[in-house]
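Following: one structure in structure tokens, then a few remarks.
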Amino acid sequence: MEQLTKEQQESVYKELSAINDEIEKLRKKRKELNAKAGAMSVSNYTLKDRDGNEVKLYDLFGDNNFLIVIHNMGKGCSYCTMWADGMKDTFREVEKKAGFVLVSPDKPEVHKAFAESRGWGFRSYSSDGSEFTYDLGYEVRKDGKSYYWPGVSVLEKRADGSVVRVTKDFFGPGDFFCNVWHFYDLLPTEDITMNS
């Protein structure tokens, strides 16, 4: 690889600055569209903790007005595992602003064993037997089977006690929610998929 001259470097940096400005504009627009797409009322669903005890969604807010819910596809998804592994410390920073939980479609006993094997210290729950994941748009039912999508919902508890979703997003290769993708981007290859 040929080294750039100082003038060529300055030209590249100028182009990168313009790209960064455009990315920031698009990020803001994407944020607005996700808020529009995600807006909905959210019922007080019953989930299950790792021990199979029933918990009500509204109780997961604690003293927070906002609750960030990670929609995980369960034990069988290596990407979902990577996202969740990356949140093992990040959740502590997130919890300074909002509640943070992960919801898996796996049965509580399966989810418990897997979450503990991964060292997930954040709160996590099973949506098995609940319409929560389906109603929020992260489960597709076809031919008698359920298929799941990974992503995130941000819920807000209003002053009257009702809960609404204020935004949502999906997870996928190259997204903003997993720093691993961006390290992969720095490697001299076009393939950012994982070898699991």
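Which one of Glu93, Glu109 is farther than 17 Å from Arg165 by Cα, touching a residue at least 24 places away in the same chain (Cβ under 8 Å) and in the same structural domain as Val166 (by TED's automatic domain parsing)?
Working: Glu93 fails: touching a residue at least 24 places away in the same chain (Cβ under 8 Å).
Criteria check complete, one pass: Glu109.
Spot the failing condition for Tyr125; the list is (1) crowded, with 16+ Cβ neighbours inside 10 Å; (2) closer than 25 Å to Trp181 by Cβ, and only one is missed.
(2)
Considering each residue of the range 75-95, count those that are of a type in the set (Lys, Arg) and either loosely packed, with under 13 Cβ neighbours inside 10 Å or closer than 18 Å to Val154 by Cβ (or both), and give that number.
First, pick out the residues of the range 75-95 that are of a type in the set (Lys, Arg): 75, 88, 92.
Still in the running and either loosely packed, with under 13 Cβ neighbours inside 10 Å or closer than 18 Å to Val154 by Cβ (or both): 92.
Total satisfying the criteria: 1.
Can you pull out the residues in the range 77-122 that are polar (S, T, N, Q) and within 19 Å of Trp181 (Cβ to Cβ)?
Narrowing the range 77-122 to residues polar (S, T, N, Q): 78, 81, 90, 104, 117.
Scanning the range 77-122 gives Ser78, Thr81, Thr90.
Quick one: count up the residues across the range 44-87 that are assigned to a loop (DSSP other than H, G, I, E, B) and either touching a helix residue (DSSP H, G or I) at 6+ places or on another chain (Cβ under 9 Å) or in contact (Cβ under 8 Å) with a residue 12 or more places away in the chain (or both). If you could, list the steps in order and put the result at the bottom.
So the first thing to find is which residues in the range 44-87 are assigned to a loop (DSSP other than H, G, I, E, B), and the list is 44-45, 49-53, 62-65, 72-77.
Adding the requirement that they be either touching a helix residue (DSSP H, G or I) at 6+ places or on another chain (Cβ under 9 Å) or in contact (Cβ under 8 Å) with a residue 12 or more places away in the chain (or both) leaves 44-45, 49-53, 62, 64-65, 72-75, 77.
Of the residues in the range 44-87, 15 are assigned to a loop (DSSP other than H, G, I, E, B) and either touching a helix residue (DSSP H, G or I) at 6+ places or on another chain (Cβ under 9 Å) or in contact (Cβ under 8 Å) with a residue 12 or more places away in the chain (or both).
Quick one: is Ala98 within 23 Å of Gly161 (Cβ to Cβ), at pLDDT 95 or above and surrounded by fewer than 20 Cβ atoms within 10 Å (Cβ to Cβ)? Break it down stepwise before answering.
Working: within 23 Å of Gly161 (Cβ to Cβ): yes; at pLDDT 95 or above: yes; surrounded by fewer than 20 Cβ atoms within 10 Å (Cβ to Cβ): yes.
Considered against the rule, which asks whether it is within 23 Å of Gly161 (Cβ to Cβ), at pLDDT 95 or above and surrounded by fewer than 20 Cβ atoms within 10 Å (Cβ to Cβ), Ala98 comes out as yes.
Being part of a strand (DSSP E or B) and over 14 Å from the mean Cα position of the chain (by Cα) is the filter here; which residues of the range 136-164 pass it?
Of the range 136-164, the ones part of a strand (DSSP E or B) are 139-142, 145-148, 151-157, 163-164.
Once the filter is applied, which keeps residues that are part of a strand (DSSP E or B) and over 14 Å from the mean Cα position of the chain (by Cα), the range 136-164 yields Glu139, Val140, Arg141, Lys142, Lys145, Ser146, Tyr147, Glu156, Lys157, Val163, Val164.
List every residue pair whose Cβ atoms sit under 7 Å apart, with the two residues 6 or more apart in sequence or on different chains, where the first one lies in the range 161-188 and is outside the structural domain of Ala98 (by TED's automatic domain parsing) and free of Cβ contacts under 8 Å to residues at least 24 places away in the same chain and the second, anywhere, is loosely packed, with under 13 Cβ neighbours inside 10 Å and outside any helix (DSSP H, G or I).
These pairs meet every condition: Trp181/Gly174.
Which residues, counting only those in the range 1-28, are within 22 Å of Phe176 (Cβ to Cβ) and of a type in the set (Lys, Arg)?
Listed by number, the residues that qualify are Lys25, Arg27, Lys28.
For the structure I just gave you, tell me whether Thr133 is outside any loop (DSSP other than H, G, I, E, B), under 21 Å from Gly172 (Cβ atoms) and either modelled with pLDDT of 95 or more or touching a His at 6+ places or on another chain (Cβ under 7 Å) (or both).
Working: outside any loop (DSSP other than H, G, I, E, B): yes; under 21 Å from Gly172 (Cβ atoms): yes; either modelled with pLDDT of 95 or more or touching a His at 6+ places or on another chain (Cβ under 7 Å) (or both): yes.
Yes.
Please determine, by comparing only the residues of the range 112-122 that are free of Cβ contacts under 8 Å to residues at least 60 places away in the same chain and crowded, with 16+ Cβ neighbours inside 10 Å, which one is farthest from Thr90 (Cα to Cα).
Once the filter is applied, the top-ranked residue is Phe114.
The values are calculated or read from the model by the stated rules, or taken from the named source; none is laboratory data. Given the structure is predicted, the values throughout are model-derived calculations rather than measurements. We place every Cβ from the backbone using ideal geometry, glycine too, and count neighbours over all the protein chains shown.
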